[in-house]
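Working notes for the structure below.
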């Protein structure tokens, strides 16, 4: 929980600066958006390798390596601000994306030693701990860090990435020094033979065969697609309305409050009401939030504040309820690989959403992006309703049914 504070701040500071720096270097809004998408792409590429490393060695070395790679990426992004070379920025943001994947994997560490009755609450507690860092990240990166770089004669957006480098390094040091004993080792998920661990294709088959696993991943994917798609283009949408960088950073911070601050509530509800019900609620929140954002003009901000906050709440419901359901669905010997596969699907879907969001905004505008993102956000709600109807029909047609 302590290490996730600087790591979360680093990730959000790097993300909120990526699109703006990319557009400054290239003069293209689309290429600016693609720079931000590189973070989600990096998370997708890192998800399965990190999971395999954790399955072989434990959470401690896996999380430490992830944060060190992210720090190296932050260094490359900082250099790109100096030399104004776009490919170096993309490579650096890909590296920072590994930090995002590591932050996501860390939530499972909270569930390693928890029984199923309290698993969602434990995951929600760790996600909540990241609130403080992730909320402050954009404000610090686009505020004091940018100002310090500017007064030092450096490019203003050099500052946020230097801050990321320091924060990721601190998080890696904390994990390596203090995550002892390793929770995954104690849970019995490390030390298994290579033959007993499923490979990538076997993991896909296991996930496809599990109805609870499929709906868990659907809830996580829907939240990530809407969150990434809308949030990627929001800074550029607000920039078109002549909002300054501090206001943009504040909006992103408010969105992150929605993502993280109420996660213990989402966890508590998942344990009490059931994960499927919370996934359905999350889908409704995603839809309403995306519609609020889509109907707000660039020079206004209240609708964007409200919409991104609700999208954050919907994401929180999906990630916490889905993660708990996924963990409950598989035994210890396959659990870590399934978690990595789920995060791969989730982050890859988010990366695709980021790419598509840039195309949609370029062709038909931000309003269309928000509207159709909201429609996609309803997917887990519809899936839960259909599953409930199927179960009701089965119960009614069974010999003991009414």
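The values are calculated or read from the model by the stated rules, or taken from the named source; none is laboratory data. Everything numeric in this text was worked out from a predicted model, so none of it was measured. For neighbour counting, all protein chains shown are included, and Cβ atoms are generated from backbone atoms with ideal geometry for every residue, glycine included.
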In contact with a helix residue (DSSP H, G or I) (Cβ under 9 Å, 6 or more places away or on another chain) and free of Cβ contacts under 8 Å to residues at least 12 places away in the same chain: is that true of residue 306 in this structure?
no
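This table checks each residue for (1) surrounded by 24 or more Cβ atoms within 10 Å (Cβ to Cβ); (2) more than 23 Å from the chain's Cα centre (by Cα).
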residue	(1), (2)
129	no, no
148	no, yes
164	yes, no
169	no, no
174	no, no
Which condition number in (1) over 18 Å from the mean Cα position of the chain (by Cα); (2) under 15 Å from residue 10 (Cβ atoms); (3) at pLDDT 90 or above is the one that residue 101 fails?
(1)
Condition first: closer than 14 Å to residue 226 by Cβ, touching a residue at least 60 places away in the same chain (Cβ under 8 Å) and touching a helix residue (DSSP H, G or I) at 6+ places or on another chain (Cβ under 7 Å). Can you find one or more residues in segment 324-342 that meet it?
no
Quick check on residue 214: is it under 22 Å from the mean Cα position of the chain (by Cα), without any contact (Cβ under 8 Å) to a residue 24 or more places away in the chain and assigned to a helix (DSSP H, G or I)?
yes
Say whether the condition of being buried (at least 24 other Cβ atoms within 10 Å of the Cβ) and part of a helix (DSSP H, G or I) is met by at least one residue in segment 292-300.
yes
In the set 309, 330, the lone residue that is assigned to a loop (DSSP other than H, G, I, E, B) and surrounded by fewer than 24 Cβ atoms within 10 Å (Cβ to Cβ) is 330
Identify, by number, the condition in (1) more than 30 Å from residue 23 (Cβ to Cβ); (2) assigned to a helix (DSSP H, G or I) that residue 180 doesn't meet.
(2)
Could you tell me whether segment 31-41 includes any residue that is under 30 Å from residue 121 (Cβ atoms) and part of a helix (DSSP H, G or I)?
yes
